[in-house]
Every structure is written in structure tokens, then in C-alpha cells.
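A.B. asks: This is the structure I want to talk about, given as C-alpha cells.
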Amino acid sequence: MTAIFSVVGIVGTGAMGRGIAQMAAQAGSQIVLFDLQSGAAQAARDALAETWQKLVAKGKLDAAKQQSYLERIRLAETLSDLGQCDLVIEAIVEKLEVKQRLFSELEGIVPATTVLATNTSSLSVTAIGAALQHPQRLAGYHFFNPVPLMRVVEVIAGIKTDPAVCQRLVGYTRQYGHTPVVAQDTPGFIVNHAGRGYGTEALRVAGERVADFATIDRILRDQIGFKLGPFELMDLTALDVSHPVMESIYRQYYDEPRYRPSVITAQRLAGGVVGRKVGEGFYTYEQGQAQVPA
Ligand code: NAI
């Protein structure tokens, strides 16, 4: 199978960037990793090597494939090293001006045919594209964490996005076995819009002291059938990621009360009690296991 994009640049090699790089390498693309922070791209490559090694140890990947995936990953010293890419995906900080600056810099580096994609979860793809000379080449390409396990990927068309760009991303997504869903550019797209009420309503129930976090989680998980309760989910995503998304969607819908963020998450974020990754959120964690409601 020939990959729809032969050389894929990943800018920002944190949690999301490295997961996206894994998928792109598995689709058969050559990968170029770039991160502003020194050593971050190398750390991402090491983490990918470890991931593939674990899959080999579990018998889920053969050693020859593991080697070929690893050989596809190159590290970029500067952004200019992305000049050969026919797709560049950014997974950097969630700030409009920073993303706009990156893409307009990239336009001076890559050919006019290169597709540009943003993994933003809450910003307007149209607004990011407004800084570009050729906004038709930019689409939203929204993955979920952890990328290899979360099989849905939203492909988002901004007002000026060329539909052919979305179609190429849809086909590419299928090449690594994920499920593409095309969404129009609206705040939260599909998943973070339709799923918003799950967290905000649970926070209201807790805020009104109808039940505690653990009870709400248990009922929604065991009785209604969700995989994770809303507080377990917020702990997994982490409030430093999800609370700003809540704020952004609320603002973009002109303060629509249904999307109002909660003071509960605002306070917890201010106190650094953000979730599983710091060992403490709505629950406390030891070695990745939930212990007691905090
Ligand atoms: P992260 O903090 O783990 O990684 C971000 C990386 O980008 C860091 O290594 C940082 O050094 C690098 N970076 C920052 N500014 C840069 C720049 N101007 N040029 C090059 N590299 C730069 O963040 P994470 O979780 O990987 O998220 C990245 C993006 O993906 C954000 O826009 C976020 O909204 C979006 N996203 C995150 C999800 C999540 O659950 N973490 C889910 C879906 C989207």
C-alpha cells in the first residue's frame, strides 16, 4: 500500500504529536519530527521505539515491521527541514496566534501543494487559516488521546478549506485503520460539542450536592453504560487540557449557559489537581490505579 502522503511533518512532539507520528509511520509515510524544545523530538522517537518494542513483545507486531517503522522516523533540526513534506500536522500549544505564526512560517518552507493540518481541539480552523496566503490547503485534523486507541479522527473543513484536502485526509486516516468523520468548523466540532454536556451536567449535579463524584461516575458507568464516568474521564484527559476547551466553546457560543464551565474545575485547575497524570484529580492515583475520591 502506498501512503497517500509520502512525507509527513509533525510539529510538536508531545503526547499527541508522537501518537500521530505512530499512525503516520504505520500508514507507510516517512516522518519528520520537529519540536521547539530541544531533545523533545528525540524523546518522541525513543517513546515510539519503546511502543513498537512492546507490541513486538506481545506478539502484536513482527520485528521486521518494527524496524521499518523506526527507520521512517527522522528528526528535524529546524522548521526548514520540513521542506520535503506533502503533509504537515501541528500538535503544539493551543494558542491561536502561535498556530497562525507557525503555519504562515511553514507556507514559506513547503511547496504550494503541501497540505497543512491542525490538531486543535477548540480553536476555529477558519481563524487559523485566516493568517495563510492559501487557506484552502489547511484543514482541522483532530485526534483523541491516546491516539492509537481512540479510533475516531475528525477532519474539519474551515470556510475556505478545499474539499479535496479533506478527502485526502479521510483516505489517509483509513490507511492506518482509524475512522474519519468529516465535521464543519464549529466550536468543539462534533465530539467536544456533543460530548460537552456529559461533563458540565455532572459537574452541576456534584455542585448541587445531589451526589458525590464517585457515585455519579459509578451510576453513569455501571447503570447507563458509559465506559468511564465523567469525573474519571476528566481525570484521564486532565483539567489543564479540558477546562480551557470548556471555556473556549462557551465563549465561542456567546456565553450560551448550556456550555458554562464549572467553578469546580476552575478551582481544581488553579490548585494543580488536574488528573491522573499528576497523581491527583477527582481521584488519587498510584501506578495508574484509582484509589480514593479526593
Ligand atoms: P504537549 O504539551 O504534550 O505537547 C506539545 C509540544 O509542542 C511540546 O513538546 C512543546 O515543546 C511543543 N511546542 C509548543 N510550541 C511549539 C512551537 N511553536 N513549535 C514547535 N513545537 C512547539 O501537548 P499535547 O497534549 O500533545 O497537545 C498538543 C495539541 O493537541 C494542543 O493544541 C491540544 O489542544 C491538541 N489536542 C490535545 C489533546 C489531548 O487530549 N492532549 C486531544 C486533542 C487535541
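The values are calculated or read from the model by the stated rules, or taken from the named source; none is laboratory data. In this text the structure is predicted, and so the values were computed from the model without any measurement. We place every Cβ from the backbone using ideal geometry, glycine too, and count neighbours over all the protein chains shown.
A.B. asks: From 11, 7, which residue is of a type in the set (A, V, I, L, M), closer than 23 Å to residue 105 by Cβ and away from the ligand (no atom under 11 Å from the Cβ)? Walk me through it before giving the result.
C.D. replies: Working: 11 fails: away from the ligand (no atom under 11 Å from the Cβ).
After ruling out the rest, the residue left standing is 7.
A.B. asks: Which of (1) more than 30 Å from residue 128 (Cα to Cα); (2) surrounded by 20 or more Cβ atoms within 10 Å (Cβ to Cβ); (3) of a type in the set (S, T, N, Q) is the odd one out, the single condition residue 223 does not satisfy?
C.D. replies: Among (1) more than 30 Å from residue 128 (Cα to Cα); (2) surrounded by 20 or more Cβ atoms within 10 Å (Cβ to Cβ); (3) of a type in the set (S, T, N, Q), residue 223 violates only (2).
A.B. asks: Can you name the condition, by its number, that residue 55 falls short on among (1) within 22 Å of residue 120 (Cβ to Cβ); (2) away from the ligand (no atom under 13 Å from the Cβ); (3) touching a Leu at 6+ places or on another chain (Cβ under 7 Å); (4) of a type outside the set (Lys, Arg)?
C.D. replies: The one condition residue 55 does not meet is (1).
A.B. asks: So which residues in the range 214-249 are away from the ligand (no atom under 16 Å from the Cβ) and part of a helix (DSSP H, G or I)?
C.D. replies: Selection gives 214, 215, 216, 217, 218, 219, 220, 221, 222, 223, 224, 231.
A.B. asks: State all residues of the range 110-130 that are of a type in the set (A, V, I, L, M) and either surrounded by 18 or more Cβ atoms within 10 Å (Cβ to Cβ) or in contact with a Cys (Cβ under 9 Å, 6 or more places away or on another chain) (or both); if no residue qualifies, say none.
C.D. replies: 110, 115, 116, 117, 123, 125, 128 - these are the residues of the range 110-130 that are of a type in the set (A, V, I, L, M) and either surrounded by 18 or more Cβ atoms within 10 Å (Cβ to Cβ) or in contact with a Cys (Cβ under 9 Å, 6 or more places away or on another chain) (or both).
A.B. asks: Residues to consider are 61, 33; find the one that is in the same structural domain as residue 153 (by TED's automatic domain parsing), in contact with a helix residue (DSSP H, G or I) (Cβ under 7 Å, 6 or more places away or on another chain) and part of a loop (DSSP other than H, G, I, E, B).
C.D. replies: Working: 33 fails: part of a loop (DSSP other than H, G, I, E, B).
The match here is 61.
A.B. asks: On to the next question. Please go through the range 14-48 and pick out each residue that is near the ligand (Cβ under 8 Å from one of its atoms), within 13 Å of residue 88 (Cα to Cα) and either in contact (Cβ under 8 Å) with a residue 60 or more places away in the chain or touching a Lys or Arg at 6+ places or on another chain (Cβ under 8 Å) (or both).
C.D. replies: Scanning the range 14-48 gives a single hit, 17.
A.B. asks: Residues that are without any contact (Cβ under 8 Å) to a residue 12 or more places away in the chain and more than 15 Å from the ligand (Cβ to nearest atom): which helices (runs of 4 or more DSSP H) entirely in the range 82-200 hold 1 or more of them?
C.D. replies: Working: elements: 96-107, 125-129, 163-175, 191-194.
Of the helices (runs of 4 or more DSSP H) lying wholly inside the range 82-200, those with at least 1 residues that are without any contact (Cβ under 8 Å) to a residue 12 or more places away in the chain and more than 15 Å from the ligand (Cβ to nearest atom) span 163-175, 191-194.
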